[in-house]
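For reference, the structure I am asking about is given below.
All of the numbers you see were taken from the coordinates with simple rules; none came from a lab. The structure displayed is predicted, hence computed values, not measured ones. Glycine gets a Cβ as well: all are built from the backbone with ideal geometry, and neighbour counts include every protein chain shown.
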Amino acid sequence: MTQSTLKNTSRIRFPKHTSPYVFALYMATIMAFMMSLVITFAEFGAGDHYMANVMNAYRVAMPAAFVCILVVRPVVMRLVSWTVHGH
């Protein structure tokens, strides 16, 4: 890549200390949407208002998932460190 190409493709990068929050945001966004899709389908089926119902569920699920991930992540990290050998 040339220098001019790199300038055109640069993106905003957050500081390293924000990593747990960025991780939680991405994880919550993806998982809450996927779970909203599955649970809405299981409860109501794929009717005319399926995506509207999914988005209504997602509005509640995403913030809840974000907070839960922030709370649970340290516990999961410790469990992984107890069960996986280091190099």
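Could you give me the ³J(HN,Hα) list for the stretch 71-87, computed from phi with Karplus coefficients 6.51, -1.76, 1.60 and θ = phi - 60°, whole Hz, x at Gly and Pro?
Result, ordered by residue: 6, 7, 3, x, 5, 5, 4, 5, 4, 5, 5, 6, 10, 10, 5, x, 7 Hz.
Hey, in the GNM for the chain with a 10 angstrom Cα cutoff, which one of M55, M77, M31 fluctuates hardest?
Maximum among the listed residues: M77.
Through the Karplus equation 6.51 cos²θ - 1.76 cosθ + 1.60, θ set to phi - 60°, convert the phi angles of the stretch 36-45 into ³J(HN,Hα) values in whole Hz; use x for Gly and Pro.
With coefficients 6.51, -1.76 and 1.60, one gets 4, 4, 5, 5, 5, 5, 5, 7, 10, x Hz.
How high is the relative contact order of the chain, in percent, counting Cα pairs under 8 Å that sit 6 or more residues apart?
34
Another question, if that's okay. Compute the longest continuous run of the chain that contains no exposed trypsin sites (Lys or Arg not before Pro); treat a site as exposed when its DSSP state is not H, G, I, E or B and it has at most 16 other Cβ atoms within 10 Å. Provide the component values of the computation, followed by the final result.
On the way: sites that count: R11, R13.
For trypsin sites (Lys or Arg not before Pro) (loop position, at most 16 other Cβ atoms within 10 Å), the longest site-free span of the chain is 14-87.
For the stretch 16-83, what is the Kirkwood estimate of the hydrodynamic radius, computed as the reciprocal of the mean inverse distance between distinct Cα atoms, to one decimal in Å?
Here the Kirkwood hydrodynamic radius works out to 13.1 Å.
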